[in-house]
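Each value in this text was obtained by applying a stated rule to the coordinates, not by laboratory testing. These figures come from a predicted structure and were not determined experimentally. Using ideal geometry, Cβ is built from the backbone for each residue, glycine included, and neighbour counts are taken over all protein chains shown.
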Amino acid sequence: MTNIEQKPHPHKGRISIRDTARIAQETNIRIEIERDGTIYRFEPLKKKKRTIADEEENIRL
């Protein structure tokens, strides 16, 4: 038997970095997770601000 077969839920407690980062971005919140003495921080990325010239060009298109 391998370790995976012995444990009923081998992936329980795992952190999905992509999912956590996506949730932080979509909800615009900061997420901190502490596990085994390590802190994982996820902050939403800043959206690029559009200038007036960019907006005017998009209107023309």
Per-residue HN-Hα couplings for the stretch 22-30, Karplus 6.51 cos²θ - 1.76 cosθ + 1.60 at θ = phi - 60°, whole Hz, x for Gly and Pro? 5, 5, 4, 5, 5, 8, 6, 10, 9
Ordering of 40-46, 30-36 by burial proxy (mean other Cβ atoms within 10 Å per residue, highest first): 40-46, 30-36
